[in-house]
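Read the structure below first, then the notes.
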Amino acid sequence: MAQTKIMIVGGGFGGLAAAKALKNTPAEITLIDRTNHHLFQPLLYQVATAVLTPSQIATPIRSILRNQKNVTVILGEVTGVDNGKKCVFVTDADRQNVSIAYDYLILATGATHSYFGHNEFEAFAPGLKSLADAEAARNKILQAFELAEAEDDPTLHRDLLTFILVGAGPTGVEMAGALAVLVRTSLKSEFRRIDPASARIVLVDMAPRVLGPFSEELSKAAKIRLEKLGVEVRLGHSVEQIDADGIMVAGERIASKTVIWTAGVAPSPAGKWLNVETDRAGRVRIQKDLTVPGHVEIFVVGDTASLDQNGKPLPGVAQVAMQQGRYAGKLIHNRIVGNPPPPPFSYFDKGSMAVVGKGFAVLQSGKVQVSGFGAWLTWAAVHLQFLATSSLRLGVFLQWAWTYVTGQRGDRLIVNHHGSEVAKPAPDSAVKPTFAGR
Ligand SMILES: Cc1cc2nc3c(=O)[nH]c(=O)nc-3n(C[C@H](O)[C@H](O)[C@H](O)COP(=O)(O)OP(=O)(O)OC[C@H]3O[C@@H](n4cnc5c(N)ncnc54)[C@H](O)[C@@H]3O)c2cc1C
């Protein structure tokens, strides 16, 4: 008899957890992802700020699943689903919209940036979601210092050495703290014509406080810490404009050549593919068993799903995605082997953490609220534990220890994929004779 076909789309936190939960299931499992790697997004900001290398936070999906013989990994982009004919459409480098059949489908396709209706900002304020985004941000940040060092006119140094982060949630706060440590310690004494420590780091958000999901007390502690690190925190005003020369906020122009978007996220188009009900943000409304209403064979998990618990929607965090992926895998396993279904899904919140510069974090778990070095140690231990392989855990631990003691970073290379490390001037910009006569 032909084996049941299980299709998992997405090898992130949710998809991978589902695949692992199906380890002993007599089924033909296909996991499709448009990248060949599982990415540990919580440490993306450390690649963007040159602490870690891209390969320290990502692992090939087929390598993680190499011992799980019932899974086939496919590199391809899912472009749609026909939930009547039970097939997904996949495009890869060679083929367009090939249909692949399933008996069970788990969609774990995550989220992308949301510019809140201002998609024109994207060209000037790239987000931080993929390894390519993090490498691009690192290139841009490091290049700004190189350009300033080469610039004779000191009045232009200010724009080059002003870094703006739009969005003061965990990613913006972590990135601002890490950037402050980079400019005040790691880059110190390496430049002759500029002082990297004079760099201005501005964190902007329309919310009245940083780290919205945390308690007011922890949010205050994080803000104080950021300000001690020299970060300018501007709250209560949304960004009105972003262009090649900086941003406008509360009627004021802040000149900057490096603006990074660390604000909203938008779910993948899974809701459109399925043509089912979504919430206001576009996430697929799922039931307590994580299936889509009317489709017992379709599960949606993680950032692209919407499920309320205790009257509130579950947050878009890795723990929710992992627990949902595991649950979907277990439920399908039970159906296939004829076991009773597990009780309805219930998210167990282990708490939230955010790092603010070297040796300081905030931690909130139930009634426990801690900030400082102890919270940072807990943050480090938890993040190491959740990296995909033991070699990543060891590599990241050694890098953190080295960076903590010496201030030196793991990857400060500017890698331009077009071969030259000198960015080409825009066609209409005058080439300045900066080095002439020197
Ligand atoms: C910068 C950053 C920092 C974060 N920090 C934290 C943190 O500290 N703690 C925390 O709990 N959470 C954090 N998060 C959130 C957390 O990473 C997400 O909640 C989690 O990744 C969601 O898991 P997921 O499986 O739903 O999606 P993802 O992990 O994003 O995985 C989605 C996968 O689907 C693939 N995919 C998408 N579309 C397609 C397609 N059409 N075809 C094929 N494949 C596709 C993608 O390539 C990806 O591999 C952070 C997120 C970001 C971006």
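Structure summary
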| read-out | value |
| --- | --- |
| Charge dipole (debye, nearest 20) of region 234-295; +1 at Cβ of Lys and Arg, -1 at Cβ of Asp and Glu | 180 |
| Dipole magnitude of region 232-370, debye to nearest 20 (Cβ charges: Lys/Arg +1, Asp/Glu -1, about Cα centre) | 480 |
| Those lysines that a straight Cα-Cα span of less than 19 Å connects to residue 86, excepting residues fewer than 8 apart in one chain | 5, 272 |
| Unit charges at the beta carbon, dipole of region 14-75: most positive-side option, 72, 41, 54 | 72 |
| Equivalent ellipsoid, region 206-358 (semi-axes from 5 times Cα gyration tensor eigenvalues, Å) | 39, 20, 12 |
| Cα-centre dipole for region 10-89 with unit charges at Cβ (Lys and Arg positive, Asp and Glu negative), debye to 20 | 240 |
| Rounded FRET efficiency, nearest 0.05, which uses the C-beta distance separating residue 308 from residue 132 and R0 of 45 Å | 0.85 |
| Highest-MSF residue in the chain out of 199, 19, 93 [GNM, Cα springs under 10 Å] | 93 |
| Gain on full stretching of the segment that runs from residue 95 to residue 146 - 0.36 nm per residue minus C-alpha separation | 14.1 nm |
| Rg over Rh, two decimals, region 1-105 (C-alpha only, Kirkwood Rh) | 1.03 |
| Pairwise centroid distance, computed over Cα atoms, of region 282-321 with region 37-70, Å | 25 |
| For region 4-22 and region 147-218, distance of Cα centres in Å | 38 |
| Computed helical MRE - 222 nm, the chain, DSSP H runs ≥ 4 contributing -39500 (n - 2.57), nearest 500 | -8500 deg cm²/dmol |
| Segments 260-271, 164-175 sorted - mean Cβ within 10 Å per residue, highest first | 164-175, 260-271 |
| Antiparallel DSSP beta bridges within the chain, percent to nearest 5 | 50 |
| Burial ranking of peptide ranges 39-45, 385-391 (average Cβ count within 10 Å, highest at the top) | 39-45, 385-391 |
| Projected area, mean over directions - region 278-342, Cα convex hull, nm² | 4.5 |
| Relative contact order (%) - region 259-302, alpha-carbon pairs under 8 angstrom, separation at least six | 23 |
| Mean separation of Cα contacts under 8 Å, 6 or more apart, over the residue count of the chain: relative contact order % | 20 |
| Normalised convex hull volume, the chain, alpha-carbon set, Å³ per residue | 163 |
| Unit charges at the beta carbon, dipole of the chain: most positive-side option, 84, 29, 270 | 29 |
| Relative contact order [Cα under 8 Å, 6+ residues apart], region 203-340, whole percent | 12 |
| Length released on extending from residue 68 to residue 238, taking residue separation times 0.36 nm less the Cα-Cα span | 56.4 nm |
| Directionally averaged shadow of region 134-269, computed from the convex hull of its alpha-carbon atoms, nm² | 9.1 |
| At least 27 Å along the helix axis (C-alpha) and Kyte average at least 0.0, DSSP helices within the chain | 131-150 |
| Gain in span if fully extended, residue 116 to residue 382, counting 0.36 nm per residue against the direct Cα distance | 92.6 nm |
| Mean accessible surface per residue for the chain, computed with a 1.4 Å probe while every protein chain stays in place, in Å² | 48 |
| Karplus-derived 3J(HN,Hα), 6.51/-1.76/1.60, for each residue of region 253-266, Hz, glycine and proline x | 8, 10, 6, 6, 9, 10, 10, 10, 8, 10, 9, x, 10, 10 |
| Relative packing of 189-196, 313-320, 276-283, which averages over residues the other C-beta atoms within 10 Å, highest first | 313-320, 276-283, 189-196 |
| Residue-level accessible surface for residue 82, protein heavy atoms, 1.4 Å, Å² | 40 |
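The values are calculated or read from the model by the stated rules, or taken from the named source; none is laboratory data. This one's a predicted model, so the numbers in the text were calculated from it and none came from an experiment. Glycine gets a Cβ as well: all are built from the backbone with ideal geometry, and neighbour counts include every protein chain shown. To get the accessible areas, we keep the full protein, side chains included, count just its heavy atoms, and leave off ligands, DNA and RNA. Shrake-Rupley method; radii C 1.70, N 1.55, O 1.52, S 1.80 Å.
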